[in-house]
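The values are calculated or read from the model by the stated rules, or taken from the named source; none is laboratory data. Treat the numbers as computed from the prediction; the structure is a model and nothing was measured. With ideal geometry, Cβ positions are generated from the backbone for all residues, glycine too; neighbour counts draw on all protein chains shown.
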Amino acid sequence: MTLADRIGAYRDVVAEWLHGLYHGMIEHPASELVEQEAEDVDDAFLFACFADAFGIPSPVSYYTAELLPYLGEEFQQWEHRMWDRGSLLERKGHQYHF
């Protein structure tokens, strides 16, 4: 086997590996489910910290108010998402029943 043949075979292996990586990270439909699950976890964290934004009294909100300057942009987006969403059960039901 010549050096050119070995380089060609190596390129083929690397091209196949990169295509699989791209498909797994971007093209595969599971990546959308992973993004939705990460968004749900983020929403649950922000809701636990700032439940008083929706009229639910929470003693934790007094201590987590110090996080607000760091989460200001995310807080506004989260608040809009939470008001627009019908319910968490609706979101989970749509996620698992296409």
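Among the residues of segment 46-59 satisfying the criterion of being part of a helix (DSSP H, G or I) and surrounded by 13 or more Cβ atoms within 10 Å (Cβ to Cβ), which is farthest from the chain's Cα centre (by Cα)? Give the steps one after another, and end with the answer.
Going residue by residue through segment 46-59, those that are part of a helix (DSSP H, G or I) are 46-49, 51-54.
Narrowing further to those that are surrounded by 13 or more Cβ atoms within 10 Å (Cβ to Cβ): 46-47, 49, 51-53.
Details: LEU46: 14, PHE47: 16, CYS49: 19, ALA51: 21, ASP52: 24, ALA53: 22 Å.
Applying the filter and picking the extreme gives ASP52.
It is to be established whether one or more residues within segment 60-69 are more than 29 Å from GLY93 (Cβ to Cβ), part of a helix (DSSP H, G or I) and either of a type in the set (D, E, K, R) or within 16 Å of the chain's Cα centre (by Cα) (or both).
The answer is yes, given that some residue of segment 60-69 is more than 29 Å from GLY93 (Cβ to Cβ), part of a helix (DSSP H, G or I) and either of a type in the set (D, E, K, R) or within 16 Å of the chain's Cα centre (by Cα) (or both).
Within segment 11-41, how many residues are over 23 Å from MET82 (Cα atoms) and in a helix (DSSP H, G or I)?
Of all residues in segment 11-41, those over 23 Å from MET82 (Cα atoms) come to 11-30.
Those still in the list that are in a helix (DSSP H, G or I) too: 11-27, 30.
So the count comes out to 18.
Checking LEU88 against (1) modelled with pLDDT of 85 or more; (2) surrounded by 10 or more Cβ atoms within 10 Å (Cβ to Cβ); (3) in contact with a helix residue (DSSP H, G or I) (Cβ under 9 Å, 6 or more places away or on another chain), which test does it fail?
The number of the failed condition is (1).
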